[in-house]
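These notes concern the structure reproduced below.
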Amino acid sequence: MKIIDLHCDVLNKLSLQDDMCFLNDSRLDSNFERLKAGKIKVQVFAIFIHPNVPIEQRFDQALLQIEVFKKLVLTTPGIVHITNWQQVQVLQEDEIGAVLSLEGCDCIGKDLKKLEVLVNEGVKLVGLTWNYENDVAYGTLEDPNKGLKPFGKEVIQYLNGRDVILDVAHLNEQGFYELLPLAKRVIASHCNARTLCNNARNLSDEQVKLIVEKGGRIHVVFYPPFIDNEQETATVSQLVEHINHLVNLVGIEHIGFGSDFDGMDFKVDSLTNAAQYQNLIKELLKNYSHEEIKVMSHGGFENYILSF
Ligand SMILES: [Zn+2]
């Protein structure tokens, strides 16, 4: 079963270790061989800059991760850079589409020109925040009642004009509710259901419904603490409970995957790297038909981007 995965943190790891090789380095959950083995059709590669990087160095870090993406990921035979979503439709059987995203606008400060540089390099999804406050908005570990900053509204308007998807995965609640009417396209790239696991990184049923009413999507994350609160381990069947809940709420065509491989210190049993993706498919086959899983694993997202 082909997979479209909306979130991994390979670029951060590659940018921190000079000796890492994208092809088959065992320290990478989503190295090329593992993406192949897991039948990944499209992988979104996040630009993520850790908050311990000084503010004045963050934009250079973002550029470094784009350099790494070009030099180490895009040079791999079989990897195709997706700069226009329509390219996903013409990927060959043995090709993997690689997409850039930005996980938090911390690196642009208050400078739209910096955002423009990143979008011109092919960034197709942008989250306003990671977990903390920046010049745009407040993240999930901040006060949930604080809304978007004035510059945040400019950022949304700019991204709407460039047809970039707004990713609400790490945005706090008030920011979420203010973004929704302003954003043209909204996705939660790696979030689970708060009803099953009460964590600020997960979405309430109301938020899930509002995203879908806007034509958006929710992609589940494989991080155990977001599956079963405070737990360092989780089973694939517990992850599927989140999928079941979301499917019951809004329908299978709006649900997909955003593993967060290479960004996790804890893993789901038997879903520890991209090569094991088909273990999730096997578990889903207990509850869903082949056709239904196809919609969830890639078909739903393909229909979504076709509507652009
Ligand atoms: Zn994240």
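Rule-based calculations on the coordinates, nothing more; no lab input. As the structure is a prediction and not an experimental result, all values here were calculated from the model. FYI the Cβ positions are ideal-geometry reconstructions off the backbone, even for glycines, and counts take in every protein chain you see.
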Using unit Cβ charges (K, R positive; D, E negative) and no other charged atoms, how large, in debye to the nearest 20, is the dipole of the range 3-306 about its Cα centre? 620
Cut-off 16 Å, label 7 Å out along Cα→Cβ of TYR132, residues of the range 96-122 by amide N: 103-110
In a Gaussian network model of the chain with springs linking alpha carbons closer than 10 Å, the residue among GLY161, GLY109, GLY152 that fluctuates most is GLY161
Give me the distance in nm between label points sitting 7 Å out from Cα along the Cα-to-Cβ direction at ASP94 and SER307, one decimal. 3.5
Neighbours of VAL164 by Cβ distance under 10 Å: Lys/Arg at +1, Asp/Glu at -1, summed charge +2
Run lengths n ≥ 4 of DSSP H only: what is the helix-derived mean residue ellipticity at 222 nm for the chain, with -39500 (n - 2.57) per run over all residues, to the nearest 500? -9500 deg cm²/dmol
Give me ILE211, ILE165 ranked fewest to most by other Cβ atoms within 10 Å of their Cβ, as a rough exposure proxy. ILE211, ILE165
Only Cα pairs within less than 10 Å get springs; with that Gaussian network setup on the chain, which residue of GLY251, GLY175, GLY147 has the largest fluctuation? GLY251
PRE reach from ASN248 (point 7 Å along Cα→Cβ): which of the range 285-308 fall under 15 Å by backbone N? 287-288
Taking a threshold of 27 Å on the Cα-Cα distance, which of the pairs LYS13/LYS209; LYS13/LYS149; LYS41/LYS184 fall above it? LYS13/LYS209; LYS13/LYS149
Give me the one-decimal nm value for the distance between modelled label points at VAL117 and ASP143, 7 Å along each residue's Cα-to-Cβ direction. 3.3
If packing is taken as the average count of other Cβ atoms within 10 Å, what order do 181-190, 196-205 fall into, highest mean first? 181-190, 196-205
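Show me 2-14, 65-77, 85-97, 269-281 ranked by packing, highest mean number of other Cβ atoms within 10 Å first.
Numbers: 2-14: 25.3, 65-77: 17.2, 85-97: 13.6, 269-281: 19.3.
Ranked by mean Cβ neighbours within 10 Å, highest first: 2-14, 269-281, 65-77, 85-97.
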